[in-house]
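So the structure is just underneath, and the comments pick up after that.
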Amino acid sequence: MRRPFLLLLALAFTALSLSAAQIPRRAPEFVIQGNGGQQLLLSQYRGKVVLLKLFYTTCPHCQRSAGVLSRIQNEYGPKGLQVLGSAFDEFAPMMAGQFVQRYRTTYPVGYQTRDRTLAFLDHSPSQPFYVPIFVFIDKQGMIRAQHMGSEPFFRNEEANTRALIEKLLAEPAKPPARPKP
């Protein structure tokens, strides 16, 4: 009786570890479609710390976080931070512009498809996810953290976000050179 339970438990942990994205990892290119046809490329912000918010336009938590991230962008933008928002719900192409107007975001917001967003996150479409999702990218273009809306990180969202941003901003713009042998 005990052996099948332990086997099942081991399989569950294996499945969870396989579904978790590797951190840190190089951020792949991500294109945010803007209203009016313009595109924002994640790579154009290399050299800055980027907080990429992936969200649903209809999610109340995502809507509330817009104000928090606008304050953070205003405060840390001059220090090298760029907040970006990309909606990926089915209504995103129609609602992203209205989201910006209604919640007065001070950072660029656009949209992308669910499949491309989950591929960027290295997250299987068959696994559940919770929005908003915050992805923290360092100055070298490495994803250093990614948090889904269900994680304890969001219990103290603003303080945790600020702490992680301050840590990434304090790091050098380029990794130290390796000494030649």
Query - Only listed residue being surrounded by fewer than 16 Cβ atoms within 10 Å (Cβ to Cβ) and within 25 Å of residue 23 (Cα to Cα), chosen from 102, 64, 114 - result: 114
**Report entry** Members of segment 22-49 that are loosely packed, with under 13 Cβ neighbours inside 10 Å, out of contact with any helix residue (DSSP H, G or I) (no Cβ under 6 Å at 6 or more places or on another chain) and either closer than 17 Å to residue 108 by Cα or free of Cβ contacts under 8 Å to residues at least 12 places away in the same chain (or both)
**Finding:** 36, 37, 38, 39, 41, 43, 44
Query raised in the report: Do you know which residues across segment 146-176 are of a type in the set (D, E, K, R) and part of a helix (DSSP H, G or I)?
Result: 155, 157, 158, 162, 166, 167
Query raised in the report: Name the residues in segment 15-39 that are at pLDDT 95 or above and either in contact with a His (Cβ under 7 Å, 6 or more places away or on another chain) or not in a loop (DSSP other than H, G, I, E, B) (or both), would you?
Result: 25, 26, 31, 32, 33, 39
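Return yes when residue 152 is within 22 Å of residue 63 (Cβ to Cβ), free of Cβ contacts under 8 Å to residues at least 60 places away in the same chain and of a type outside the set (Gly, Ala, Ser) and no when it is not.
The answer is yes for residue 152.
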Requested in this report: Output the number of the condition that residue 132 fails; it satisfies all remaining conditions of (1) over 13 Å from the mean Cα position of the chain (by Cα); (2) surrounded by 16 or more Cβ atoms within 10 Å (Cβ to Cβ).
Outcome: (1)
Report summary line: When restricted to 51, 81, 6, 11, the only residue modelled with pLDDT of 95 or more and closer than 29 Å to residue 126 by Cβ is 51
**Report entry** Qualifying positions in segment 90-112 - farther than 12 Å from residue 35 by Cβ, over 15 Å from the mean Cα position of the chain (by Cα) and not basic (Lys, Arg)
**Finding:** 90, 91, 103, 105, 106
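The values are calculated or read from the model by the stated rules, or taken from the named source; none is laboratory data. Please read all numbers here as calculations on a predicted model, not as lab measurements. Ideal geometry is used to build each Cβ from the backbone, glycine not excepted, and the neighbour counts take in all protein chains shown.
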